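The structure under discussion appears below in the form of structure tokens.
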Amino acid sequence: MYNLIQHFHSGWAYLAILVLIIAVINSFLGKSSKKEFTAKDRKVALFALIGAHIQLLIGFILYFLSPLGSVALGQMKEASLRLTSLEHPLINIIAIVLITVGWSKHKKASSSEAKFKFIAIFYGIGLLLILSRIPWNLWF
């Protein structure tokens, strides 16, 4: 069961990151070209939000099923254990909170430029945070 969830978490990450990248690029292009914020733009941002939240839920399940999850919190001197048991979950929670804030702020914005700006900034920061804390040695 643990291995299945671990593989699903890793596999879903590719999809979630890809959709986040698409949402960020779409927002930067929309803002720079001063185009109208359409239903397509909203759906791209929504799919990125949903993908990130699903990844978070899978990560929570994996964290509490993992033999390396909360048990490794007492072993902070080893960098790989610290990354997987503290830094990766904490930074990714912060990143997904930022993505959620960006979604919320874009809904309240009245102009297309502001909508693109909020998605680009908050999703972009969230994406950078997520990429910074991926345990690359375990991922490939």
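The values are calculated or read from the model by the stated rules, or taken from the named source; none is laboratory data. If you're wondering where the values come from, they're calculated on a predicted model, not measured in any experiment. Note that each Cβ is placed from the backbone with ideal geometry, even for glycine, and that neighbours are counted across all protein chains shown.
Of the helices (runs of 4 or more DSSP H) lying entirely inside region 1-107, those containing at least 1 residues that are at pLDDT 95 or above and of a type in the set (Lys, Arg) are 2-32, 39-65. Residues that are more than 11 Å from the chain's Cα centre (by Cα) and closer than 29 Å to GLU113 by Cα are absent from region 48-57.
Scoring ILE125 on the criteria (1) within 22 Å of SER10 (Cβ to Cβ); (2) crowded, with 16+ Cβ neighbours inside 10 Å leaves a single failure, condition (1).
Sub-7 Å Cβ pairs linking a first residue in region 42-64 that is over 24 Å from LEU83 (Cα atoms) and without any contact (Cβ under 8 Å) to a residue 40 or more places away in the chain to a second residue that is crowded, with 18+ Cβ neighbours inside 10 Å and of a type in the set (S, T, N, Q), at least 6 apart or interchain, are VAL44/ASN26, ordered by first then second residue. Here region 32-71 is the region considered, the condition is being of a type in the set (D, E, K, R) and either surrounded by 13 or more Cβ atoms within 10 Å (Cβ to Cβ) or touching a strand residue (DSSP E or B) at 6+ places or on another chain (Cβ under 9 Å) (or both), and the residue that is farthest from SER10 (Cα to Cα) is LYS35.
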